[in-house]
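Bear in mind these aren't lab numbers, they're just calculated from the coordinates by the rules spelled out. Since this is a predicted model, take the numbers as computed values, not measurements. Cβ: placed from backbone, ideal geometry, glycine included. Neighbour counts: every protein chain shown.
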Amino acid sequence: NKYKNDKIISEKDLSSLELYVRDIDSILLLLKAYGVLIYYHSRNNNFSHVEPIVNQATQVIPNQIDSQYNEDLIYYLMARGHYFYRKQDYMAAHEIYVKVESLLGLEETIQHANIYYNLCHVNKELYKDKSISRLYARKAYKIFLKFNIKNRVIDTLLMLTILYDLDALYDKALECLQQAESGLEDNNNSMYSPIISYNYGKIYQGLKDYTNAIKYYEECLQLSEFLQQKHQKVYTLRSLIEIHIEFKDWKTVNKFMDEAFDFLSIFDVPYAQVQLYGLKGKISKLRGDDYGYEKHMQKAIEMGLEKKQYPLVSELAHELGDYFFDNRAYKMSAKYLKISIENSTN
């Protein structure tokens, strides 16, 4: 319960807990212990260490749990959802969060807002249509506002900014971003600075105002030391690559591409990694290198399947299938169009 409330646990207590779970026969204590272990290690990016713990928990915790244990079951499930979300296995995270939603009471609490916010995140990654994500974000926003949880209100406004931007609703995206920024004036939290800059960059990139987009992306890179989740820096590098492809500035493209892959050798960011191989393919195609295009696209799809990036796989496989069809390679075209259909989540 101490870790649950304070998010603090000593190395000694952590090691003891990992041994303790092997001998517990109480369902209540198993839920509590595995919840803490999974949350702690996934929050600290210890994915290779926590994976066997997640699998072990599945073996010993029953599928049906008595409703008297709901509070601890929800904590355990939220820990699992957090693990799968951070691993970018959005299908698994979605399934867990839907289950948690079904366990919540009728009266809307902060717990409801947290689960709506998480469902907004996973739906954003899984479905092209962002309206369901926006619905969850607005529900979360309303509750966070009601309970006056300022940092969560800002988080949700930033999520709405991204969702409007993805649907090219730039005026609404800008409105939400400015609202979030004004909420930060009395909340001097530097971790938001790079996120605000990144979102301005995304909006200007969408509007094809590349001068302003680059200005904000470069500002974001300078502020990236304040990012709570360091891996997010790679998305800024990816966006700068996209812009410099438009400029046909291959020297700068290569510089940012090398930097992005150096970064990915330290951080595991499956979505960005698959996207970057797709961008390598796009560059090869623009430069008339058909072999390079096919090789990079096949690599992106193969990696996407391995890392469970299904919507991205569907999109890339559809593009590659069309390319093979246009080149009269009908067997290869059929293969990739089939992969596209099998991995579509829409």
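When the helices in the chain are scored as -39500 (n - 2.57) per DSSP H run of 4 or longer and the sum is shared across all residues, what 222 nm value do you end up with, to the nearest 500 deg cm²/dmol? Let's see the in-between values first.
Working: 18 runs with 261 residues, N = 346.
Using -39500 (n - 2.57) per qualifying helix, the result is -24500 deg cm²/dmol.
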With just the Cα atoms of region 208-268, tell me how far they stretch along each of the three principal axes, in Å, largest first. 30, 22, 14
Quick one: check the C-alpha center-to-center distance for region 204-257 versus region 90-112, whole angstrom. 35 Å
PHE267 neighbourhood, Cβ < 9 Å, K/R = +1, D/E = -1, net charge +1
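Can you work out the FRET efficiency for the pair ASN44 and ASP290, with r the C-beta to C-beta distance and R0 = 41 Å, to the nearest 0.05?
Working: r = 44 Å, r/R0 = 1.08.
The calculated FRET efficiency here is 0.40.
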Equivalent-ellipsoid semi-axes (√(5λ), Cα gyration tensor) for region 106-213, whole Å, largest first? 23, 18, 10
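So which trypsin sites (Lys or Arg not before Pro) in region 6-38 end up in coil per DSSP with only 10 or fewer other C-beta atoms within 10 Å? Display every interim value, and only then the final one.
On the way: sites: LYS7, LYS12, ARG22, LYS32; in loops: LYS7, ARG22.
Sparse-neighbourhood loop trypsin sites (Lys or Arg not before Pro): ARG22.
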Going residue by residue through region 154-163, the Karplus relation 6.51 cos²θ - 1.76 cosθ + 1.60 with θ = phi - 60° gives ³J(HN,Hα) values, rounded to whole Hz and with x marking Gly or Pro, of 5, 4, 6, 5, 5, 5, 4, 4, 4, 5
Ratio of the Cα radius of gyration of the chain to 2.2 N^0.38 Å, where N counts its residues: 1.07
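Test of understanding: what is the full-extension gain from VAL98 to THR252, defined as 0.36 nm times their sequence separation minus their Cα-Cα distance?
Details: separation 154, 0.36 × 154 = 55.44 nm, distance 4.32 nm.
Extra length from VAL98 to THR252 when fully extended: 51.1 nm.
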For q = 0.15 Å⁻¹, Debye-computed log10 I/I(0) when each Cα of region 276-346 counts as one equal scatterer: -0.42
